[in-house]
Amino acid sequence: MLRGIRGATTVTTNNREEIFDRVAELLAVIVQENALRIEDIGAVIFSSTPDLNAAFPAAGARKAGWLQVPLFGTQEIECPDAPKRCIRVLILWNTDLGQQDIKHVYLHDAVCLRQDIKL
């Protein structure tokens with residue numbers, strides 16, 4: 001069964017190393033919370049707000065060791081109510097877990113996106 005894991009994080013500045021660090025942190029927490037095996041991932045889609053252009057979030061995943069996973073990046077639309085400097089992720093995961101058992105992860109200022117989800 002293919003399931004989606006959602007997550008998001010924010011950075012404080014449009015800085016390559018911070019983007020890489022926050023992507024690595026987000027992916028590590030998602031892996032931990034879901035007992036995820038990287039080899040079970042079908043693909044990962046990243047998006048970032050227009051104010052982030054110092055680095056591709058997918059490059060942060062590569063730096064974190066996600067070398068064999070198909071990665072894709074896109075830009076979010078500019079929306080006045082959206083959090084600033086935000087990176088979102090959708091992981092397409094092959095698992096037998098039900099949707100209610102998937103743990104989505106929102107870190108830093110991105111917690112505002114899903115206030116109903118607590119780690």
Would you give the gap between the C-alpha center of region 89-119 and the C-alpha center of region 22-82, rounded to a whole Å? 13
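Which order, highest average first, do 56-65, 9-18 follow once you tally other Cβ atoms within 10 Å for each residue and take the mean per peptide? Could the numbers behind the result be given before it?
Numbers: 56-65: 18.8, 9-18: 17.1.
Peptide ranking by packing, descending: 56-65, 9-18.
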For every helix of n ≥ 4 consecutive DSSP H residues, a contribution of -39,500 (n - 2.57) applies; sum these over the chain, divide by its total residues, and give [θ] at 222 nm rounded to the nearest 500 deg cm²/dmol. -7000 deg cm²/dmol
Packing-wise, with mean Cβ within 10 Å as the measure, how do 107-115, 81-89 rank, highest first? 81-89, 107-115
Search the structure for amide H atoms under 5 Å from the amide H of residue 85, placed 1.01 Å from N in the peptide plane, and list their residues when 5 or more places away or on another chain. 51
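Compare the peptides 38-46, 72-80 by average per-residue count of other Cβ atoms within 10 angstrom and give them in order, highest first.
Averaged packing, sorted descending, gives the order 38-46, 72-80.
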Amide H contacts of residue 73 (H built 1.01 Å from N, under 5 Å, at least 5 apart or other chain): 46
Which whole-Hz couplings ³J(HN,Hα) result when phi for each residue of region 88-93 is put into the Karplus expression 6.51 cos²θ - 1.76 cosθ + 1.60, θ = phi - 60°, listed in order with x for Gly and Pro? 10, 9, 10, 9, 8, 10
Amide H within-cut-off set for residue 105, under 5 Å, with H built and near neighbours excluded: 6, 7, 8
Compute the acute angle (0 to 90°) between the alpha-carbon long axis of helix 16-34 and the principal axis of greatest extent of the alpha-carbon atoms of the chain; round to the nearest 10°. 20
Averaging over every viewing direction, what projected area does the convex hull of the Cα atoms of the chain cover, in nm²? 6.8
Expected vector for region 103-116, Karplus 3J(HN,Hα) from phi with 6.51, -1.76, 1.60 and θ = phi - 60°, integer Hz, x for Gly and Pro, equals 9, 7, 10, 10, 10, 6, 6, 6, 4, 5, 6, 9, 5, 7
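No lab work stands behind these numbers, since they all come straight from the coordinates. Nothing here was measured: the structure is a model prediction, and the numbers come from that model. Every residue, glycine as well, gets a Cβ built from its backbone with ideal geometry; the counts of neighbours run over all protein chains shown.
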